[in-house]
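Working notes, beginning with the structure itself.
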Amino acid sequence: MGFADDHLIPLVDAGLGNSAYLIDLGDGRALAVDASRDLRALREVAERRGLTVAFAADTHLHADFLTGALQLAADDGATVLAPAAGHRAFPHSSLADGDETDLGGLTLRALATPGHTDEHLSFLLLDGARELGVFTGGSLIVGSAARTDLLGAARAEELARAQYRSLRRLAELPDAAAVWPTHGAGSYCSAPPGAERTTTIGAQKQANALLAAPDEDTFVRDLLSSLGSYPAYFNRLAETNRRGPSILDAAPSLPTLSATAVRELIGQGAQIVDVRPLPDFAAGHIPGAVSIPLRDQFATWLGWLLPDDIPLVFVTAPGQDLAELTWQALKIGYERLAGHLTLDAWTIDDGEQETVELLTADRVGDRPVLDVRQQAERGAGHIPDSIGIELGELAAHADEAPSGAVVHCGHGERAMTAASLLQRAGRHRLAVLTGGPDDWAKATGHALQGGA
């Protein structure tokens, strides 16, 4: 076949910061690369183009989402292509360095590119002898390389050195070859900020500071020093992907619950997750509920803050997308989804409520300030004398939060999540800043402080 640009369709998950790819093979069949368990976007494109997924390739054992490859095998009869060194416990075509798969006119060649994980492969797409591009997964990404500490801090340097060699191997491809990474901006796996999700080998030779590192030691130092924290659920998903996530036989649904049923579930250890917008939660919420507003980043914070082995009850606002909520939970392995209710259903049944004060930047005054942003965000500028505790660490350090604190992040959503965690830990008289440090600086005329 003659490969054209429109034969490759990136499918971006803005919340997790990742891209999957659907490649039209020109004969009614398709190749999917690093597809998530949430296959809605992929299905929509495939149906529109009349495609059946014949191959589902995974570059590595993903830590940040459950693979959709098994579901594609079950639904479409797709052949799963995956690194042999991943030792997956389900039927698949095991590939090692140099192995090729005939796609029917195009060829997919496996390139061993360890670093992000031990078994990591990149997939070079060839049209005859012409190297069209390479699916780099978590090796070479736009402006950087993916993190190497997911197998533990003790192995981070060893894997960073492997990543150095992998990037140099990829850099030997033709400058015109496209680079199609899985991880992009917004991924905790991790990538620098920026709008570009794909690139070329030549562009990365010019712009990627890690590729420009003069030697291996400099590369390792620069990569490791750029790594921040990552969500807790990353530590369990790779093994789930090795075993294989369960197959979904039907579109998932989220039943409506009564207040009585919710009380029974709470008694059985269920956690209430309030997905309504920030102002709604502030005005009134079920005591003990964790605020995680339904938005692109919902899955990240659900997976970071709550265990996956307890029933979850969701408080929703009328009109919120229950399918979006459910799929975001399922794609990171949360399957004990008990159901949902509205706050009205709770209050009509005499349910108690708590509130959180909302403050604009001009009303913070001399109250203590708790900054729950990531360390890199705080280092770029923070309110002087504020206390910094990352949201992901807050539950373990709730006793370090100042009494009567004004909690802030960049806009308010993470701050409200933090306030809900503190309330659950018995801390009260809290307020949430509706904005971020830039709003405070503008309102007060005071400069932000740099550094951590």
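The values are calculated or read from the model by the stated rules, or taken from the named source; none is laboratory data. Only a predicted model underlies this, so the values are computations on that prediction, with no experimental measurement involved. Positions of Cβ are generated from backbone atoms using ideal geometry, with glycine treated the same way; all protein chains shown enter the neighbour counts. Note: accessible area is taken over every heavy atom of the protein model, side chains too, but ligands, DNA and RNA are not part of it. Shrake-Rupley method; radii C 1.70, N 1.55, O 1.52, S 1.80 Å.
Computed values, structure above
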read-out: Kirkwood Rh in Å, taken over the range 41-129 so that all alpha-carbon pairs contribute; value: 13.8
read-out: Spacing of the two label points (7 Å from each Cα toward its C-beta) at Arg367 and Asp5, in nm; value: 5.1
read-out: Computed FRET value (nearest 0.05) for Thr218 with Asp349, which takes r as the C-beta separation and R₀ as 51 Å; value: 0.20
read-out: Nitroxide proxy distance, nm - points 7 Å out along Cα→Cβ at Ser403 and Thr260; value: 4.2
read-out: Distance (nanometres) between label positions extended 7 Å along Cα→Cβ at Ile247 and Asp127; value: 3.5
read-out: Per residue accessible area of the range 251-372, 1.4 Å probe, in Å²; value: 41
read-out: Relative contact order of the range 105-195, pairs being alpha-carbon contacts under 8 Å that are 6 or more residues apart, as %; value: 30
read-out: The range 283-426, accessible surface, carbon-and-sulfur percent (1.4 angstrom probe); value: 46
read-out: Helix-only mean residue ellipticity at 222 nm for the chain, each DSSP H run of n ≥ 4 adding -39500 (n - 2.57), per residue, nearest 500; value: -7500 deg cm²/dmol
read-out: Antiparallel bridge percentage (DSSP; both residues within the range 268-405; nearest 5); value: 10
read-out: The range 1-138, accessible area per residue, ligands and nucleic acids excluded (1.4 Å, Å²); value: 33
read-out: Whole-Å distance, taken between Cα centres, linking the range 207-281 and the range 405-452; value: 23
read-out: Accessible-area composition of the range 172-260, carbon plus sulfur, in percent [1.4 Å probe]; value: 52
read-out: Solvent-accessible surface ranking, highest first, for Arg424, Arg236, Arg276 at 1.4 angstrom; value: Arg424, Arg236, Arg276
read-out: Burial ranking of peptide ranges 341-349, 282-290, 407-415 (average Cβ count within 10 Å, highest at the top); value: 407-415, 282-290, 341-349
read-out: Cα gyration tensor category, rounded, prolate or oblate, for the range 171-235 with a/c compared to 1.5; value: oblate
read-out: Per-residue HN-Hα couplings for the range 159-168 [Karplus 6.51, -1.76, 1.60; θ = phi - 60°; Hz; x = Gly/Pro]; value: 6, 5, 5, 5, 5, 4, 5, 5, 5, 5
read-out: Relative contact order of the chain, defined on C-alpha pairs under 8 angstrom at six or more residues apart (%); value: 12
read-out: Residue-level accessible surface for Asp127, protein heavy atoms, 1.4 Å, Å²; value: 30
read-out: Interchain or long-range residues, amide H under 5 Å from His340's placed H; value: Thr256, Leu257, Phe314
read-out: Charge dipole magnitude, Cβ of K and R +1, D and E -1 - the chain, Cα centre, debye nearest 20; value: 240
read-out: Nonlocal amide H pairs with Leu81, under 5 Å, H built at 1.01 Å; value: Ala56, Ala57, Asp58, Ser93
read-out: For the chain, projected area of the alpha-carbon convex hull averaged over all directions, nm²; value: 22.4
read-out: Global geometry of the range 12-90, whether rounded, prolate or oblate, following the gyration tensor of its Cα atoms and the 1.5 cut on a/c; value: oblate
read-out: Shape category assigned to the range 352-452 from the gyration tensor of Cα positions, a/c cut at 1.5; value: oblate
read-out: Backbone N within the range 135-158 under 19 Å of label point (7 Å from Ser225 Cα along the Cβ vector); value: 143-149, 156-158
read-out: Mean separation of Cα contacts under 8 Å, 6 or more apart, over the residue count of the range 347-416: relative contact order %; value: 36
read-out: Backbone HN-Hα couplings from phi across the range 229-239 [Karplus 6.51/-1.76/1.60, Hz, Gly and Pro as x]; value: 6, 9, x, 4, 5, 4, 6, 10, 6, 4, 5
read-out: Vicinal HN-Hα couplings computed from phi for the range 362-367 (Karplus, 6.51 cos²θ - 1.76 cosθ + 1.60; Hz; Gly/Pro x); value: 6, 10, 5, x, 9, 5
read-out: Gly333 long-range amide H proximity, modeled H, under 5 Å; value: Leu66
read-out: Net charge of Cβ neighbours under 14 Å - reference Leu421; Lys, Arg +1; Asp, Glu -1; value: -4
read-out: Solvent-accessible heavy-atom area per residue, rounded to whole Å², over the range 159-223 at 1.4 Å; value: 43
